[in-house]
Every structure is written in C-alpha cells, then in structure tokens.
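*Asks:* Handing you this structure, nothing more for now.
The values are calculated or read from the model by the stated rules, or taken from the named source; none is laboratory data. Note that the structure is a prediction, hence the values are computed from the model and not measured. Cβ placement follows ideal geometry from the backbone for every residue including glycine, while neighbour counts extend to all protein chains displayed. Protein only, heavy atoms only, side chains kept; ligands, DNA and RNA dropped before computing areas. Shrake-Rupley method; radii C 1.70, N 1.55, O 1.52, S 1.80 Å.
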Amino acid sequence: KPLYDAAIEHPDVIGLCIGTRPDCVPEATLDLIASYRERCEVWIEYGLQSTHDQTLTAINRGHDAACFFDAVERTRRRQLNVVAHVIHGLPGEDRNDMWETSLAVARLDIHGIKVHNLQIVRHTVLAHEYRLGRLRLQTLDEFAAAAADTLELLGPQVLVHRLAGESPKDLLIAPRWSWNRLEVQTAI
C-alpha cells in the first residue's frame, strides 16, 4: 500500500499496472488493488505461459493453469483490467498445444495479452539444457504462425501489449531472431 500510494500521488502517474503471478493474489491483495480503481486506471498482468499443467510443471512455474483461471475470475469480479502472458515454443509443446492455450485465453474476459517466444537467457536451467542440445527452439516462421493463431482467436476488445519477448542482448543466448522486433512483427 505505501508503494502504490506513493506511485499514484505523483502528478504524472495516471494508473497502476501490476505484473504478478496468479498464485500471489490473495483476496486481501485484490481488495487493496481494487481500492485504487476510483483514483486511477488499474491493470493486473498474470503470467499463464501455458494451459498445460505438464508444461507448467516441467518449467517449474509453481502453479497450475487452474490457479491462473481462478485469479482472473477473482480479479474480474473486482472490475480490474487483466492482461494474460503466454509463451509459445515451451519445451514439449507443439502448435496444437499453443493453439489450445490461446483458445482458452481468448474465451476469458480479459483486456490484454502479451505473447512471448521462448527465450534462452544466461544463467538458467534452460540455458544449460540448450547448451547440451536437449532443447529445440522454434524458428521465426513457427513462432509467427503460432502468434498469428493467437491473434486470430482473440476478440477485438483485447489489446495486444506485446508480440515477442524482449530479453536484453547481453543476456539472451537464443533465438537471435527475437532481437529484430520489426522482422518478428512482419513475419506474424
């Protein structure tokens, strides 16, 4: 509360956008966040990544898909804007798995989406797996097709906040194509 209060007291701040995990929003936290609705624009971003619990377990998310859907429902009951994050190209997922995730998100009462491609960044378990050759990454064309599927499923009321990941170049190992945002957007 002191951090949010300090933020919205600044004359140039017109809203709050809070990014968090769906397992980190007990009722009291959502009530606090909802209390700011009368004073400013409020958005909450939740990282879903995938609707497939097997994938979420494999990437060590620490929550299941049901947790995400519950958080969205509880957030929407408070009339807060919701943004969902999905990652295409997660280990073990094919285009159909990504389509199923996108379809599930499109059926929700959300206001925005951030679509990410899987990125391998330094000093992570995925970086180790990638270096050992145990991890296949999507090509730009494969990612573009999955991202296009997502866009085609979304209703016109859903604001697209992002169409690809944005890891810093000094941390990103792969895929190198994600550095060129214009190329990614053109491919989609």
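*Asks:* Got a sec? Which of ARG95, ARG74, ARG107 is charged (D, E, K, R), in contact (Cβ under 8 Å) with a residue 12 or more places away in the chain and over 25 Å from VAL184 (Cα atoms)? Break it down stepwise before answering.
*Replies:* Working: ARG95 fails: over 25 Å from VAL184 (Cα atoms); ARG107 fails: in contact (Cβ under 8 Å) with a residue 12 or more places away in the chain.
Only one candidate qualifies: ARG74.
*Asks:* Let me ask something additional. Quick one: count up the residues across segment 106-125 that are hydrophobic (A, V, I, L, M, F, W, C) and open to solvent by 50 Å² or more (accessible area, probe 1.4 Å).
*Replies:* Initially, segment 106-125 is screened for residues hydrophobic (A, V, I, L, M, F, W, C), giving 106, 108, 110, 113, 115, 118, 120-121, 125.
Checking the rest, the ones that are also open to solvent by 50 Å² or more (accessible area, probe 1.4 Å) come to 125.
Here the count works out to 1.
*Asks:* Say whether the condition of being touching a residue at least 40 places away in the same chain (Cβ under 8 Å), aliphatic (A, V, I, L, M), open to solvent by less than 10 Å² (accessible area, probe 1.4 Å) and not in a loop (DSSP other than H, G, I, E, B) is met by at least one residue in segment 48-60.
*Replies:* yes
*Asks:* Return the only residue of VAL105, VAL160, VAL115, VAL86 being at pLDDT 95 or above, β-branched (Val, Ile, Thr) and not in a strand (DSSP E or B). I'd like the intermediate steps shown before the answer.
*Replies:* Working: VAL160 fails: not in a strand (DSSP E or B); VAL115 fails: not in a strand (DSSP E or B); VAL86 fails: not in a strand (DSSP E or B).
Checking each option against the conditions leaves just VAL105.
*Asks:* Within segment 133-154, is there a residue that is charged (D, E, K, R), closer than 28 Å to ARG77 by Cα and modelled with pLDDT of 95 or more? Please lay out each step first, then the result.
*Replies:* So the first thing to find is which residues in segment 133-154 are charged (D, E, K, R), and the list is 134, 136, 141-142, 149, 152.
From the residues that got through so far, the ones that are closer than 28 Å to ARG77 by Cα too are 152.
Those left that are additionally modelled with pLDDT of 95 or more: 152.
Yes, because at least one residue in segment 133-154 is charged (D, E, K, R), closer than 28 Å to ARG77 by Cα and modelled with pLDDT of 95 or more.
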